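> Here it is, the structure, as structure tokens.
The values are calculated or read from the model by the stated rules, or taken from the named source; none is laboratory data. The structure presented is a predicted model; accordingly, all values stated were derived computationally and were not measured. With ideal geometry, Cβ positions are generated from the backbone for all residues, glycine too; neighbour counts draw on all protein chains shown. The accessibility values were calculated without ligands, DNA or RNA, using every heavy atom of the protein model including side chains. Shrake-Rupley method; radii C 1.70, N 1.55, O 1.52, S 1.80 Å.
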Amino acid sequence: MSTNKISRRLRIKKGIRNKISGTSERPRLTVFRSNKAIYAQLVDDTTGVTLAAASSVKLDDAKANIETAGKVGTTIAEQALAKGISEVVFDRNGYLYHGKVKSLAEGARQAGLKF
């Protein structure tokens with residue numbers, strides 16, 4: 001991966017993080033995508049605590065494809081609803097809202113999260 005691609009994503013990520021922040025009532029749903037897996041976390045930025053986490057590594061089907069990303073979104077939404085969280089702020093973490101990131105967001109919405 002080229003340095004320009006990484007620095008571009010980090011620059012975009014910095015701009016996004018300046019605009020959004022998670023609270024305990026409405027935490028930030030952040031996404032990290034690697035070549036082998038996709039991860040999602042609910043973060044309360046006021047206290048710096050991770051409230052819930054889900055990843056494709058913990059699922060039976062550990063491939064990083066669009067279907068698995070949707071399952072990760074459903075899993076994180078179920079964990080959030082179990083903790084009484086129904087609204088979140090979506091942080092795409094500098095990635096384009098396309099493919100796996102979009103599938104994760106749609107899976108979370110279908111499971112009951114509002115963003």
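> Shape of the chain from its Cα gyration tensor (a ≥ b ≥ c, root eigenvalues): rounded if a/c is under 1.5, otherwise prolate when a/b > b/c, or oblate? Please report the intermediate quantities before stating the final value.
Values: a/c = 1.88, a/b = 1.11, b/c = 1.69.
Note, shape of the chain comes out oblate.
> While we're on this one: Stretch Arg9-Ala62 to full length: gain in nm at 0.36 nm per residue minus the Cα-Cα span? Display every interim value, and only then the final one.
Details: separation 53, 0.36 × 53 = 19.08 nm, distance 2.47 nm.
Between Arg9 and Ala62, full extension yields an extra 16.6 nm.
> With each pseudo-label sitting 7 Å past Cα toward Cβ, what's the Thr47-Ile20 distance in nm, one decimal?
2.2 nm
> Among Leu104, Ile12, Thr74, pick out the residue whose Cα is farthest towards the positive end of the charge dipole of the chain, where Lys and Arg carry +1 and Asp and Glu carry -1 on C-beta, about the Cα centre.
Farthest towards the positive end: Ile12.
> In 10 Å bins starting at 0, how do the alpha-carbon pair distances of the range 1-60 split up by percent?
Histogram of Cα-Cα distances, whole percents per bin: 20, 41, 33, 6.
> What percentage of the solvent-accessible surface of the range 33-84, computed with a 1.4 Å probe over protein heavy atoms, is contributed by carbon and sulfur atoms?
Numbers: 1480 of 2890 Å².
Carbon plus sulfur share of accessible area: 51 percent.
> Could you order peptides 67-77, 7-17 by the average number of other Cβ atoms within 10 Å of their residues, highest first? The partial results should precede the final answer.
Details: 67-77: 22.7, 7-17: 12.7.
Put in order of decreasing packing, that is 67-77, 7-17.
> What is the sum of charges around Gly48, taking Lys and Arg as +1, Asp and Glu as -1, for the other residues whose C-beta is under 14 Å from the C-beta of Gly48?
Net charge in that neighbourhood comes out at 0.
> Let me make sure I get this right: for the range 53-105, a, b and c are the square roots of the gyration tensor eigenvalues over alpha carbons, sorted descending. Under 1.5 in a/c it's rounded, otherwise prolate if a/b > b/c, else oblate. Which is it? Don't jump to the answer; show the numbers that get you there.
On the way: a/c = 2.34, a/b = 1.16, b/c = 2.01.
Cα axes put the range 53-105 in the oblate bin.
> To continue, here is another question. Taking a probe of 1.4 Å, how large is the accessible area per residue of the range 1-62, in Å²? Let's see the in-between values first.
On the way: 4170 Å² over 62 residues.
Each residue of the range 1-62 exposes 67 Å² on average to a 1.4 Å probe.
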